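What follows is a short report on a single structure.
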Amino acid sequence: MSSHQWQWQTCNDAPYLTCSLFEGWQHGWLTQQFSPRSPFEITPDLFPGATAYRVKQVHGNAVLTPSEMASPLHNDNLSDGDGVMSQGPQQAMWVCTADCTPVLIADVRTGQAAAVHAGWRGTAQKIVPIAIDRLLQSGSRLADLRVGMGPAVSGAAYQVDIAVGLETAITIAPELAKLTPQQAIEQLQAKWNSPILVDGEVGKVRLDVRRVNALQLEQLGLKPEQISIAPHCTYGDPVHFFSYRRETRKKAQWSGIVSR
């Protein structure tokens, strides 16, 4: 689960990130310098020849294919969802995030690709495992999948109520549901490399959403070397990234990958 696989690139002087786990794939986790352009405007420059697809994100766990979208080729009348999955080649799958986790998935054998918006709500609803399941149903094998989690708010910077931390992290330890919230939190914090970090304020914890997603994936059977997490925190890098928690403004950056 190396964080040393991430590189900066530029498109028309705007920086974006790529991950060597996706070598040979058109992909990128974009910065705020691409704003306010939409994927339909960005794709011709960044991914020439590809067709852009996105959904209206609602913090749920629906993952849609192009044929399931009401109006996939422009910003009007978008279908509700928080993940997009390709059905053929040269389809650019896009999601937007500000502090939530932008997850890109590629199948090195079939060429399929997916993009997922995984905030704490989507993570609590296991949206990334749902995306993986949809890929498996369409012919993928676990061993052929590669998963990259882009810039998001880090666990150290993400203070949440205990109830939020528990609802999210209990997805990796459902047996803790029978304990009191405080007991469950303490057991989670005792785990090695826990996604639940101690916070000095009563009733609060720090939550590492990307770590929860990584553990969900490992429980599905993906190996650590199939997963990479960007060493970038949106909250801590105002130069490159919007952060709703930092600015309380509804802005976001896009992340996309093109099927092969």
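Other residues lying with their Cβ under 14 Å from the Cβ of G155 contribute a combined charge of +3, Lys and Arg counting +1, Asp and Glu -1. Summary value for the chain: 26 percent relative contact order, contacts being C-alpha pairs under 8 angstrom separated by 6+ residues. Over the residues of the chain, the helix contribution to mean residue ellipticity at 222 nm works out to -6000 deg cm²/dmol, using -39500 (n - 2.57) for each DSSP H run of at least 4. Of the residues R211, R141, R249, the one that moves most in a GNM of the chain with alpha-carbon contacts below 10 Å is R249. For the chain, lysine pairs with C-alpha atoms less than 22 angstrom apart, excluding pairs fewer than eight positions apart on the same chain, total 10.
Computed over the chain with a Gaussian network model linking Cα atoms closer than 10 Å, the most mobile of Q137, Q187, Q33 is Q137. Annotation: per residue accessible area for the chain equals 42 Å², rounded to a whole number [probe 1.4 Å, protein chains only]. Cβ under 11 Å from A230's Cβ, A230 left aside: what net charge do those residues give with Lys, Arg +1 and Asp, Glu -1? Charge balance in the 11 Å sphere: 0.
Each other residue within a Cβ distance under 12 Å of F22 adds +1 if Lys or Arg and -1 if Asp or Glu, for a net charge of 0. Residue-normalised convex hull volume from the C-alpha trace of segment 27-105: 96 Å³ per residue. Summing Cβ point charges (Lys, Arg +1; Asp, Glu -1) relative to the Cα centre of segment 42-195 gives a dipole of roughly 300 debye. Under a model in which nothing but the beta-carbon of Lys, Arg (+1) and Asp, Glu (-1) is charged, segment 105-195 shows a dipole of about 240 debye around its Cα centre.
Taking every alpha-carbon pair within the chain, the share separated by more than 27 Å comes to 32 percent. Note on E41 and Q187: the model spin-label points, each 7 Å out from Cα along the C-beta direction, lie 5.0 nm apart.
When Y53, Y244 are compared by accessible area at a 1.4 angstrom probe, the order from most to least is Y244, Y53. Rolling a 1.4 angstrom probe over the chain with all protein chains present gives an accessible area of which 50% lies on carbon and sulfur atoms. Taking Cα centre as origin and charging only the Cβ of basic (Lys, Arg, +1) and acidic (Asp, Glu, -1) residues, the dipole magnitude of the chain rounds to 80 debye.
The values are calculated or read from the model by the stated rules, or taken from the named source; none is laboratory data. Because the structure is predicted, anything quoted here is derived from the model rather than measured. Neighbour counts are summed over all protein chains in view; Cβ atoms, including those assigned to glycine, are modelled from backbone coordinates with ideal geometry. Ligands, DNA and RNA are stripped out before the accessible areas are found, and what is left, the full protein with its side chains, is counted by its heavy atoms. Shrake-Rupley method; radii C 1.70, N 1.55, O 1.52, S 1.80 Å.
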